[in-house]
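Below is one structure, written out as structure tokens; the observations come after it.
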Amino acid sequence: MKQAEKTYTEAIDVLKKDNVRITKQRTSLLDMLFQKRDYYVPITEIDHKLRQQYSRMSYDTVYRNVEMLEDLHVVETRMFNNGLRAKYQCDFKHINHSHFICENCGRVVELTEPSIDSVKAQVSNFKIETQNYEVMGLCDKCNRK
């Protein structure tokens, strides 16, 4: 099984484990985010595409599903200057991770963990439990425009 297929299966397993119904709308939402797993996708784009597929689906339903998937750590959300965006969780096993995030298009590139030694030196009496490191800017494509 390819790594991409495995992470999609893991997402479905998370829903099943939490007794969340696997509906067509939810799998379509996961499919959409999975296909763009290296990007934060605007909620408005998610809403537009899902409501084209499911005419009776409301914006509130789309938003509640994104929120529920975020609570289950299957989806990440982030507020950008132009609104809320969602992204398929890149790793279900490690909560600690680092990213470069393009502030224009939402592209995400996973980074290797930076050295935490300097942080530990500054807070030597503290207990560090998680480490998230984000670098914001413009990706190569957006920077060329």
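With 0.36 nm allotted per residue and the present C-alpha distance subtracted, the residue 82-residue 142 stretch has 20.1 nm of extension available. For the peptides 79-87, 123-131, 17-25, residues were scored by their other Cβ atoms within 10 Å and the scores averaged per peptide; the highest-first order is 79-87, 17-25, 123-131. Here the accessible area is traced with a 1.4 Å probe on the protein chains. For the chain, carbon and sulfur cover 47 percent of it.
The residues of the chain have, on average, 66 Å² of accessible surface per residue, using a 1.4 Å probe with all protein chains present. Nearest-5 percent of antiparallel DSSP beta bridges in the chain? Roughly 70 percent of the beta bridges in the chain run antiparallel, per DSSP. Mean projection of the Cα convex hull over all viewing directions, computed for the chain: 11.1 nm².
At full extension, residue 68 and residue 105 could sit 10.9 nm farther apart than now, given 0.36 nm per residue minus the alpha carbon distance.
A simple spin-label model places the labels of residue 60 and residue 124 5.6 nm from each other, with each point 7 Å out along Cα-to-Cβ.
Relative contact order for the chain: 22 percent, from Cα pairs under 8 Å spaced at least 6 residues apart, divided by residue count.
The values are calculated or read from the model by the stated rules, or taken from the named source; none is laboratory data. These numbers were taken from a predicted model, which means no experiment stands behind them. No Cβ is skipped: glycine too gets one built from the backbone with ideal geometry, and neighbour counts run over all protein chains shown. These area figures cover heavy atoms from the full protein model, side chains too; ligands, DNA and RNA do not enter into them. Shrake-Rupley method; radii C 1.70, N 1.55, O 1.52, S 1.80 Å.
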